């Protein structure tokens, strides 16, 4: 039988402007600020995982590519992902 995981309580300090935006979102969604924060953290982690997968896919393409133009383009994209625009 699988165990049910209880939510863990975390204390997070937010800048006032960010806290206000969280409260506004919570009111608009008719939910708690804690739920909004959890949703935002979850979507941020998911986005980070997707970015990592994209990076690894590009790195794999780079190792398999024999076309120098394609290699240059992939290297530029990897640099943008790593260092920003």
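Every read-out reported here was derived from the displayed coordinates using simple, explicitly stated rules and does not represent laboratory data. From a predicted model like this one, the values you see are computed outputs, not experimental measurements.
Quick notes on this structure:
- Against the chain, whose longest principal axis is taken from its Cα atoms, helix 33-64 shows a tilt of about 10°.
- Answer label for log10 I(q)/I(0) by the Debye sum over Cα atoms at q = 0.10, 0.15, 0.17, 0.22 Å⁻¹ (calculated), chosen among (i) -0.50, -0.76, -0.82, -1.04; (ii) -0.26, -0.55, -0.69, -1.03; (iii) -0.18, -0.42, -0.56, -1.00: (i)
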